[in-house]
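Just below is one structure, and these are the notes that go with it.
The values are calculated or read from the model by the stated rules, or taken from the named source; none is laboratory data. Since we're looking at a predicted model, the values are computed, not measured. Glycine also receives a Cβ, built like all others from the backbone with ideal geometry; neighbour counts cover every protein chain displayed. Keep in mind that these areas ignore ligands, DNA and RNA; they rest on the heavy atoms of the full protein, side chains included. Shrake-Rupley method; radii C 1.70, N 1.55, O 1.52, S 1.80 Å.
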Amino acid sequence: MLEELTEKFERVLKKVTGQGRLTEENISETLREIRRVLLDADVNYKVAKQFIEDVKVKALGKEVLTSITPGQLITKIIYDELTRLLGGNGAEIKLNPSGITTIMLIGLQGCGKTTFSAKLARLLKSKKRDVLLVAADVYRPAAVNQLKILGKQIDVPVFSIDDSKDPVKIAEDALEYARQNKLNTVIIDTAGRLHIDEEMMREAAAIKAKVNPTETLFVVDSMTGQDAVNSAKAFHEKVDFDGIVITKLDGDSRGGCVLSIRAVVDRPVKFVSAGEKLDSIEVFYPDRLASRILGKGDIVSLVEKA
Amino acid sequence: SKTRDNLVNKISETISGKAKVDEETLEELEEVLITSDIGSQIAEEIIEKARALFKKESDRSVDNFKKIIKEELEAVLSQAKTNGEIDLSQKPYVIVIIGVNGSGKTTSVGKLAYNFKRSGLKVKIGSADTFRAAANDQLEIWANKAGVDIISTNTKEPSAVAFDTIKAAQKDGTDIVIIDTAGRLHTQKNLMDELNKIHRVINNLLPYAPNEILMVLDGTAGQNAVRQVEEFEKYTKPTGIIITKLDGTAKGGVIFRIISEKKIPVKYIGVGEGIEDLQDFSPKEFIEAMFGN
Ligand SMILES: Nc1nc2c(ncn2[C@@H]2O[C@H](COP(=O)(O)OP(=O)(O)OP(=O)(O)O)[C@@H](O)[C@H]2O)c(=O)[nH]1
Ligand SMILES: Nc1nc2c(ncn2[C@@H]2O[C@H](COP(=O)(O)OP(=O)(O)OP(=O)(O)O)[C@@H](O)[C@H]2O)c(=O)[nH]1
Ligand SMILES: [Mg+2]
Ligand SMILES: [Mg+2]
């Protein structure tokens, strides 16, 4: 696919050879092609537009060396720019050196919060932390039970108040429980909510205000389309978060939504979830997602030549 | 629904207030289409077509351009037939629900069961998600809310649950059987094979069934939804689509590609987490609503 893309660029860039430089004229068609690739990968319309502008600025005047083709050159420019935009500082999870580390998970319905909270619990437990999972979703049918079952699978206690409809209180009590039982890590699973649901967004903000988490993570389904910018922006404004978790990357979605989100919210991607099994949790590699957005394939060999 | 209104307002805002259709308007319109997840190709095609048609028009008003775009969008949606009557001459009528993880299958099963029950039919749900933690409990809660029977043989294979549900339905004269399945990504071949097996088991019991295979798509999903349909098709061919979560700001425009490329109709839309938040999909209405009429 990537080779295909480069070939496509080669075709439209034929005329560059002999001219020696990338110019506005000889790359305009290529830029249109890139735009199409990005949109097909679900990069937001505006974000794609800006990206093309930036790439254009970076590409203009670049000399085409004899060792590489113009197609390879432009592929490298795009790939590097994508990798740069997808990456970011502080991708490590923050831990509270003194006292309890609290991690709160937020996001839209069905994005993978509950599953991810168990994955994170398992990971931190393997790093010798004493973890407590907190069932703060009081709405979704059987949400508490789901977390209990997952907790049992990884042998991590799950805090819940079975007849409570008050997530703020549940979170608060869970922290107290952790203190009393000398558990140093608390992971709070919250209900899925729409970013335009004012009441539910206020609730998430209230939980956050009450427990003051060390980390709040925004969980996003990698299959999300154009609307990712709207939900990410709203969650950022109304609740605020420290990092992003991308789920369901075991599918074949291109994951362009990550670029969109990174463009509107300056927060790093901290984890990747790629499977339903509780050990499918990975660190995030911006370069891998960059080649995925451009279409799966071996970009490395291409780029190394450039 | 909110989704419709959003789209409507956006398109109306884009078009109105401009005396004639200039490049800027076209670009804004393209943005509206693409940010609806309609896909770059369809967006380009529709705008190009509308532009060509508009050139020949003597009425140069933005309203007229709007009308042409609307007709083009309608033409896409009319490529697949929507809801027919449910044929109960052979009972039970069997519906299988499929789709990727977390798209809203189980919730949609609850809503559907409730709808059928309300129209006086006897419904039975089969819980063939033996995989996801508490899937069974979740569906049981929905069955209770809807006031319908549920067959959930938790430890068994999914196809065995489908078998048991149909057997039970035959015994007590159930009109409609709805089988909920586990979410799966099409990249997981063994899980996809399982879908095919469920299909075979049902078909062995009832040569006319399943009557419907409804694929549930997350309304916030992007272009990958088309791939999902394409890949699921290889194992069990969807006869209709339910598109969920349209109560947010996502537009669900990917259905244009699914209808145009796959000719699979959209049958219902999900507009919330409540039991009544399922609506019939009407292409006409959808387009009318897009333009605020
Ligand atoms: N294939 C795959 N499935 C996943 C992944 N993460 C979660 N899932 C599945 O996605 C579905 C939804 O996951 P949940 O963890 O329940 O999502 P949630 O965000 O808690 O959902 P709500 O609480 O309803 O908002 C389940 O079927 C999970 O097994 C992943 O990385 N890959
Ligand atoms: N806002 C909104 N949420 C919905 C809608 N339909 C389902 N949901 C929510 O989406 C989440 C996932 O729904 P489920 O019905 O569990 O999805 P599923 O496809 O059965 O998930 P798996 O079985 O894990 O693959 C839940 O939190 C539902 O409440 C809808 O139309 N609108
Ligand atoms: Mg959950
Ligand atoms: Mg389900």
Being open to solvent by less than 30 Å² (accessible area, probe 1.4 Å), closer than 17 Å to A:Glu276 by Cβ and in a helix (DSSP H, G or I) is the filter here; which residues of the range A:107-137 pass it?
A:Lys113, A:Thr114, A:Phe116, A:Ser117, A:Ala118, A:Lys119, A:Leu120, A:Ala121
Inside the range A:229-276, can you point out the residues that are small (Gly, Ala, Ser) and facing chain B (nearest Cβ under 8 Å)?
A:Ser231, A:Gly251, A:Ser253, A:Gly256
Answer yes if at least one residue in the range B:253-262 is surrounded by fewer than 22 Cβ atoms within 10 Å (Cβ to Cβ) and among the basic types (Lys, Arg), and no otherwise.
yes
Read through the list (1) outside any loop (DSSP other than H, G, I, E, B); (2) within 16 Å of ligand 1 (Cβ to nearest atom); (3) open to solvent by 30 Å² or more (accessible area, probe 1.4 Å), then give the number of the only condition that B:Asn196 fails.
(2)
Has the range A:150-157 got at least one residue that is away from ligand 1 (no atom under 12 Å from the Cβ), at pLDDT 95 or above and more than 14 Å from every other protein chain (Cβ to nearest Cβ)?
yes
Residues in the range B:127-153 that are more than 12 Å from every other protein chain (Cβ to nearest Cβ) and either under 13 Å from B:Val177 (Cβ atoms) or of a type in the set (Phe, Trp, Tyr) (or both) total 5
So, B:Thr106, is that one within 16 Å of ligand 1 (Cβ to nearest atom), part of a helix (DSSP H, G or I) and within 14 Å of another protein chain (Cβ to nearest Cβ) or not?
yes
Might you check whether a residue that is at the interface with chain A (Cβ under 10 Å from one of its Cβ atoms), within 16 Å of ligand 4 (Cβ to nearest atom) and among the acidic types (Asp, Glu) occurs anywhere in the range B:216-233?
yes
If the requirement is being within 30 Å of A:Asp42 (Cα to Cα), open to solvent by less than 40 Å² (accessible area, probe 1.4 Å) and either of a type in the set (A, V, I, L, M) or in contact (Cβ under 8 Å) with a residue 12 or more places away in the chain (or both), which of these qualifies: B:Ala134, B:Ala221, B:Ala162?
B:Ala221
Of residues in the range B:234-252 being facing chain A (nearest Cβ under 9 Å) and within 16 Å of ligand 4 (Cβ to nearest atom), the one surrounded by the most Cβ atoms within 10 Å (Cβ to Cβ)
B:Thr244
Give the residues of the range A:85-106 that are outside any loop (DSSP other than H, G, I, E, B) and within 30 Å of A:Lys182 (Cβ to Cβ), sorted by residue number.
A:Thr101, A:Thr102, A:Ile103, A:Met104, A:Leu105, A:Ile106
